[in-house]
Every structure is written in C-alpha cells, then in structure tokens.
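*Asks:* Have a look at this one.
The values are calculated or read from the model by the stated rules, or taken from the named source; none is laboratory data. Since this is a predicted model, take the numbers as computed values, not measurements. Neighbour counts run over all protein chains shown; Cβ positions are idealised from the backbone, glycine included.
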Amino acid sequence: MTDPVAARDAAMTQLGRLYDVMHTLRQRCPWDAAQTHESLMTYLIEETAEVVEAVEDGSDTEMVEELGDLLLQVFFHAEIAAERAAFDLADVAGGVSDKLIARHPYVYAGQGVPEDVWGSWEKRKKAEKHRASAVDGIPEPLSALARAVKVVTRIRSHEVGVALADAPIGEDEVGEAILALVARAQAAHVDPDQALRRAVRALEAQARAAEQAG
C-alpha cells in the first residue's frame with residue numbers, strides 16, 4: 001500500500017517542478033510565449049478527448065501521459081492569467097478545494113449523508129450560483145448528446161415536474177438504438193444533431209415553465 005504522506009509529498013514536488021517548467025517555457029520559448037487563452041482552446045479540447053480515449057481504450061501508461069497533457073493546460077492557463085494579474089494557480093486550486101468542502105457537508109461539517117448524494121450536490125451548486133432554473137449554466141459548446149444528458153440529469157436531480165422516460169434499458173441497447181436513429185435520420189436527410197438540439201431546447205423550456213408554475 002502506498003504511503004499517503006509520501007505520495008502527497010511526491011505529488012507536491014512534481015507539481016512544483018511543472019510550475020517552474022511552465023514559467024520557464026513561457027519566458028524562453030517563442031511558441032509558448034505567444035499563446036493566449038483563446039489560442040489554447042483547441043489543445044484543451046483535444047487533450048480532454050485524448051483522456052477519454054485513454055480511459056476507454058488505453059493502458060495506465062497512456063492515462064498517465066494524457067492526464068499529464070491535460071494538467072499542463074491548467075498550468076498554462078493559470079500562468080497566462082498570472083501574467084496579467086488576474087488570478088494564479090493558487091487561486092484555481094484554492095477555489096476548487098473550497099467548493100468541494102462546501103458541497104460535502106456530510107464529510108467536513110458532520111452532517112448526515114443525504115439519500116440522494118448527487119441531487120444534494122446539484123441543489124447546493126444551484127444555490128451557490130444563484131441560478132433561477134435547474135437547467136441554467138449548462139455550457140453551450142457541449143455536443144447535443146452531452147447537453148441532453150446534462151439537462152435530463154439536472155431535471156431529475158432537482159425534481160422538476162417534467163415527465164421523463166425511465167424504463168430500464170441496457171448499455172448495448174442504448175448504443176444500438178441511438179445508432180439506429182442516426183441511420184434513419186441520415187436516410188431521411190435529417191440532421192440528427194440539430195434535431196436533438198431542438199428537442200433539448202424544448203425540454204429546457206418545459207423545465208423552466210414547470211419551475212415557474214410550481
């Protein structure tokens with residue numbers, strides 16, 4: 001079993017090393033020095049996708065590499081922000097630690113574990129961000145399918161009065177059904193991505209209407 005203290009010390013050492021490497025590259029490498037938050041977006045998206053691929057199909061060695069590339073993006077953005085005195089890596093790390101502690105009162109504040117842990121998390125998040133609706137704050141750039149999952153999850157977690165299908169279904173059946181719908185859409189010259197986006201927008205409107213009525 002790994003010694004947790006030794007593991008933490010090793011992690012802090014390597015994180016400090018990466019901090020120094022990023023700072024040096026930003027000062028001495030013309031390409032790194034020229035990057036902006038905007039120019040790094042494509043790399044952030046690519047690295048995220050490569051992490052997903054490593055989790056699904058890769059080895060632990062590939063996961064280490066791809067997670068490292070994604071971590072680099074966090075350090076890169078924080079370094080750029082620090083140069084303009086906006087925020088720095090300590091703000092990023094401190095912010096997420098504060099958030100995790102606040103959203104886990106049953107771990108850090110002695111409260112009982114809620115029956116619906118995920119629902120509790122979502123409700124605290126909504127209150128923290130002062131959102132008027134359970135479906136507010138979902139990133140627009142998400143794919144249509146990812147957005148649909150997020151919207152449905154929010155509606156269920158916040159117990160919004162909108163009817164959702166809930167008949168049991170297996171993973172293979174889900175994949176096959178979605179693929180079949182895509183094939184039918186293509187044969188009918190329908191853009192399935194756009195069709196799903198319209199359906200999700202309609203579901204969001206139903207959720208907001210139900211919240212206002214309730």
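*Asks:* Would a scan of the range 31-54 turn up a residue that is in contact with a His (Cβ under 7 Å, 6 or more places away or on another chain), at negative phi and either at pLDDT 95 or above or assigned to a helix (DSSP H, G or I) (or both)? Break it down stepwise before answering.
*Replies:* At the first step, the residues of the range 31-54 found to be in contact with a His (Cβ under 7 Å, 6 or more places away or on another chain) are 37, 40.
Still in the list and also at negative phi: 37, 40.
Next, from what is left, pick out any that are either at pLDDT 95 or above or assigned to a helix (DSSP H, G or I) (or both): 37, 40.
Yes: the range 31-54 contains one or more residues that are in contact with a His (Cβ under 7 Å, 6 or more places away or on another chain), at negative phi and either at pLDDT 95 or above or assigned to a helix (DSSP H, G or I) (or both).
*Asks:* Another question, if that's okay. Can you tell me which of ALA86, ALA78 is part of a helix (DSSP H, G or I), at pLDDT 95 or above and either within 29 Å of LEU142 (Cβ to Cβ) or assigned by TED's automatic domain parsing to the domain that holds PRO141 (or both)?
*Replies:* Result of the check over ALA86, ALA78: ALA78.
*Asks:* Which of (1) aliphatic (A, V, I, L, M); (2) assigned to a loop (DSSP other than H, G, I, E, B); (3) surrounded by 11 or more Cβ atoms within 10 Å (Cβ to Cβ); (4) over 21 Å from the mean Cα position of the chain (by Cα) does ALA165 not meet, given it meets every other one?
*Replies:* (3)
*Asks:* Is there a residue in the range 100-113 that is farther than 25 Å from ILE45 by Cβ, of a type in the set (Lys, Arg) and part of a helix (DSSP H, G or I)?
*Replies:* Checked against the condition, which is being farther than 25 Å from ILE45 by Cβ, of a type in the set (Lys, Arg) and part of a helix (DSSP H, G or I), the range 100-113 yields no hits at all.
*Asks:* Pick out the one residue from ALA49, ALA33, ALA82 that is surrounded by 16 or more Cβ atoms within 10 Å (Cβ to Cβ) and free of Cβ contacts under 8 Å to residues at least 40 places away in the same chain.
*Replies:* Going through ALA49, ALA33, ALA82 in turn, just one is surrounded by 16 or more Cβ atoms within 10 Å (Cβ to Cβ) and free of Cβ contacts under 8 Å to residues at least 40 places away in the same chain: ALA82.
*Asks:* Output yes when any residue across the range 181-190 is closer than 23 Å to LEU100 by Cβ and of a type outside the set (S, T, N, Q), and no when none is. First the steps, then the outcome.
*Replies:* From the range 181-190, those closer than 23 Å to LEU100 by Cβ are none; that's our starting set.
Scanning the range 181-190 turns up no residue that is closer than 23 Å to LEU100 by Cβ and of a type outside the set (S, T, N, Q).
*Asks:* I'm trying to understand the selection: among the residues of the range 131-157, which are over 12 Å from the mean Cα position of the chain (by Cα) and basic (Lys, Arg)?
*Replies:* Of everything in the range 131-157, those that are over 12 Å from the mean Cα position of the chain (by Cα) and basic (Lys, Arg) turn out to be ARG131, ARG154, ARG156.
*Asks:* Take the range 139-162 and flag every residue that is buried (at least 17 other Cβ atoms within 10 Å of the Cβ) and part of a loop (DSSP other than H, G, I, E, B).
*Replies:* Across the range 139-162, the qualifying residues are HIS158, VAL160, VAL162.
*Asks:* Inspect the range 97-119 for any residue being in contact with an Asp or Glu (Cβ under 8 Å, 6 or more places away or on another chain) and either among the aliphatic types (A, V, I, L, M) or exposed (fewer than 13 other Cβ atoms within 10 Å of the Cβ) (or both) and give the result as yes or no.
*Replies:* Within the range 97-119, one or more residues are in contact with an Asp or Glu (Cβ under 8 Å, 6 or more places away or on another chain) and either among the aliphatic types (A, V, I, L, M) or exposed (fewer than 13 other Cβ atoms within 10 Å of the Cβ) (or both).
*Asks:* Residue pairs, Cβ under 9 Å, 6 or more apart or interchain, first in the range 100-121 and on the phi < 0 side of the Ramachandran plot, second basic (Lys, Arg) and in a loop (DSSP other than H, G, I, E, B). List them.
*Replies:* SER120/ARG103; TRP121/ARG103
*Asks:* Would you mention how many residues in the range 177-214 are closer than 19 Å to PRO139 by Cα, of a type outside the set (A, V, I, L, M, F, W, C) and touching a residue at least 24 places away in the same chain (Cβ under 8 Å)? Working first, answer last.
*Replies:* Going through the range 177-214, the residues closer than 19 Å to PRO139 by Cα turn out to be 193-208.
Keeping just the survivors that are of a type outside the set (A, V, I, L, M, F, W, C) gives 193-194, 197-198, 201, 204, 206, 208.
With touching a residue at least 24 places away in the same chain (Cβ under 8 Å) added as a condition, the list becomes 193-194, 197, 204, 206, 208.
Count: 6.
*Asks:* Going through LEU25, LEU15, LEU72 one at a time, which residue ends up being out of contact with any helix residue (DSSP H, G or I) (no Cβ under 8 Å at 6 or more places or on another chain) and either exposed (fewer than 15 other Cβ atoms within 10 Å of the Cβ) or over 22 Å from SER143 (Cα atoms) (or both)?
*Replies:* The match here is LEU15.
*Asks:* May I pose another question? Given the criterion touching an Asp or Glu at 6+ places or on another chain (Cβ under 7 Å), polar (S, T, N, Q), in a helix (DSSP H, G or I) and outside the structural domain of ALA146 (by TED's automatic domain parsing), identify the matching residue among GLN73, GLN14, GLN27.
*Replies:* From the options GLN73, GLN14, GLN27, the qualifying one is GLN73.
*Asks:* Consider ALA134 against the criteria (1) small (Gly, Ala, Ser); (2) touching a residue at least 40 places away in the same chain (Cβ under 8 Å); (3) under 21 Å from GLY214 (Cβ atoms); (4) loosely packed, with under 13 Cβ neighbours inside 10 Å: it satisfies all of them except one. Which criterion is unmet?
*Replies:* For ALA134, the exception is condition (4).
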